[in-house]
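> Would you mind keeping the following structure in view while I ask a few things?
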Amino acid sequence: MIDIQLTNQPLDTAACLDFVKNDSAGAINMFVGTVRDHTQGRRVLHLAYEAYEPMALAEMRKVAEAALQRFALQRIAIHHRVGTLHIGDAAVVIAVSAPHRAATFEACHYAIDTLKETVPIWKKEIFEDGEVWVAAHP
């Protein structure tokens, strides 16, 4: 089972956890990417995320489907926020469940790395002395 969301509302980590819970899961793991107050020695005031929504949702689903199969997951939730985010806000939540813990750790790692490489979501960092779009796709 898959739950994909792209929203301008605060992310609900508890809802992601609830989605992946099930009686046959021996492990649940969650990755939460948050907005930090600095980058490369500069103070971050806030971030702005933009996305090409139809393609972003389709690509997020591809990441989830690949993770489900590759790591024999039972469930996966991938939620990403767009709009203006402040220090401490959750920008992305990935939650997974599987029979065994190793698969959940590997799946979260795979999902966030693949999401950052393939999904058309762009991040702008706003500093005290300017702003910069961050290259999400290396």
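The values are calculated or read from the model by the stated rules, or taken from the named source; none is laboratory data. Just so it is clear, the model here is predicted, and its values are computed rather than measured. Here the Cβ is made from the backbone with ideal geometry for all residues, glycine too, and neighbour counts use every protein chain on show.
> Taking the criterion of being among the acidic types (D, E), modelled with pLDDT of 95 or more and surrounded by 13 or more Cβ atoms within 10 Å (Cβ to Cβ), would at least one residue in the stretch 104-114 satisfy it?
The answer is yes, given that some residue of the stretch 104-114 is among the acidic types (D, E), modelled with pLDDT of 95 or more and surrounded by 13 or more Cβ atoms within 10 Å (Cβ to Cβ).
> Continuing with the same structure: Among the aromatic types (F, W, Y), within 24 Å of D89 (Cβ to Cβ) and not in a helix (DSSP H, G or I): does that describe F19?
no
> Within the stretch 71-84, take every residue that is in a strand (DSSP E or B) and in contact (Cβ under 8 Å) with a residue 60 or more places away in the chain and give me the one that is surrounded by the most Cβ atoms within 10 Å (Cβ to Cβ).
Step by step, filter the stretch 71-84, then rank; the result is I76.
Residue-wise test of (1) over 15 Å from the mean Cα position of the chain (by Cα); (2) within 18 Å of V96 (Cα to Cα); (3) at pLDDT 95 or above.
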residue	(1), (2), (3)
I2	no, yes, yes
L6	no, yes, yes
A14	no, yes, yes
L17	no, yes, yes
I28	yes, yes, yes
V35	no, no, yes
G41	yes, no, no
P54	yes, no, yes
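> While we're looking at this one, here's another question. Just checking, which of I87, I78 is among the aliphatic types (A, V, I, L, M), modelled with pLDDT of 95 or more and farther than 23 Å from A27 by Cα?
Being among the aliphatic types (A, V, I, L, M), modelled with pLDDT of 95 or more and farther than 23 Å from A27 by Cα holds for just one of I87, I78, which is I87.
> If you don't mind, there's one more thing I want to ask. Can you tell me how many residues in the stretch 103-127 are part of a strand (DSSP E or B) and not β-branched (V, I, T)?
Total satisfying the criteria: 5.
> Next question, about the same structure. Six or more apart or on different chains, Cβ under 9 Å: which pairs go from a residue in the stretch 117-131 that's within 14 Å of H38 (Cα to Cα) to one that's aromatic (F, W, Y) and at pLDDT 95 or above? Could you list them?
Short answer, once both residue conditions are applied: K124/Y49.
> Any chance you could count how many residues in the stretch 85-102 are surrounded by 14 or more Cβ atoms within 10 Å (Cβ to Cβ) and either of a type in the set (S, T, N, Q) or in a strand (DSSP E or B) (or both)?
Residues meeting the conditions: 10.
> Given L68, L6, which one is of a type in the set (A, V, I, L, M, F, W, C), touching a helix residue (DSSP H, G or I) at 6+ places or on another chain (Cβ under 6 Å) and either crowded, with 18+ Cβ neighbours inside 10 Å or assigned to a loop (DSSP other than H, G, I, E, B) (or both)?
The unique qualifying residue is L6.
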